[in-house]
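The values are calculated or read from the model by the stated rules, or taken from the named source; none is laboratory data. Quantities reported herein were computed from a predicted structural model and do not represent experimental measurements. Positions of Cβ are backbone-derived with ideal geometry, glycine not excepted, and every protein chain shown enters the neighbour counts.
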Amino acid sequence: MKQALITGGARGIGFGIAEAMLAAGYNVTVTGLTAQEVAAVPRRDKLSAVTLDVTSDSDVAACIAALPRLDALVNCAGMVLRDGKEFTIAGFQKVIDVNLTGTMRMCMAAKPLLEKQGGAIVNIASVWSFFGGPLVPAYTASKGGVAQLTKSLAVAWAPSIRVNAIAPGWIETDLTKAAQDDPARSDAIVGRTPFGRWGKPGDIGGAAVFLCSDAAGFITGTILPVDGGYTAK
């Protein structure tokens, strides 16, 4: 049976993808940063959860070594800092290390297993890969970097591994709670979104399943917005 690994899959968008991958017939391993996150993962058949810090070489190596095979890697682990903390060098570097370098670390570690199966990587970018985020420069830079990293690895590793990215729009997760709770911001977001609503984590799952499937066998290096039309306006 095919095996998927979803970093940051213990909650939010990552868990929405995990549920879609389970429905598509994968064995799925999700990761969380802390034991508390892992313990809170809902129980599902063919779903396991482990702790993982994507900034740690040893953590990443151990996570990959525990897998008997790997057909799909989804890099969803990410973070954002509020209250101007991304305008400090320490804050900027922290976000880059998780969101961008962590993605590269996972891709490199998983490459040998993925090559054996002709597997696929899906990186989670963002609509901020295309726009400037005035409050979160590190998050914006990291997600722009994820988009370009996706293209670079797609070219470098073709045809043995396909590498694509999803750019979610405004999705209801803990990461966007501040915007959800601000009526003015939320109304502006919904007003710009042709679908007229916030996205749900499950809205990202179908795109991830497709990009990992044989139906996407000739697709690599693409950045797919899943945003209810937000970037079309």
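The residues listed here are 19, 86; of these, the one that is touching a Ser or Thr at 6+ places or on another chain (Cβ under 9 Å), surrounded by 17 or more Cβ atoms within 10 Å (Cβ to Cβ), at pLDDT 95 or above and of a type in the set (Asp, Glu) is 86. Taking the stretch 163-197 as the range and being outside any strand (DSSP E or B), touching a residue at least 12 places away in the same chain (Cβ under 8 Å), touching a helix residue (DSSP H, G or I) at 6+ places or on another chain (Cβ under 7 Å) and closer than 20 Å to residue 78 by Cβ as the test, the residues that pass are 169, 170, 172, 173, 174, 175, 180, 189. Among the residues here, residue 146 qualifies as under 23 Å from residue 98 (Cα atoms), of a type in the set (A, V, I, L, M) and at pLDDT 95 or above.
Restricting attention to the stretch 60-83, the residues that are surrounded by fewer than 16 Cβ atoms within 10 Å (Cβ to Cβ) and outside any loop (DSSP other than H, G, I, E, B) add up to 3.
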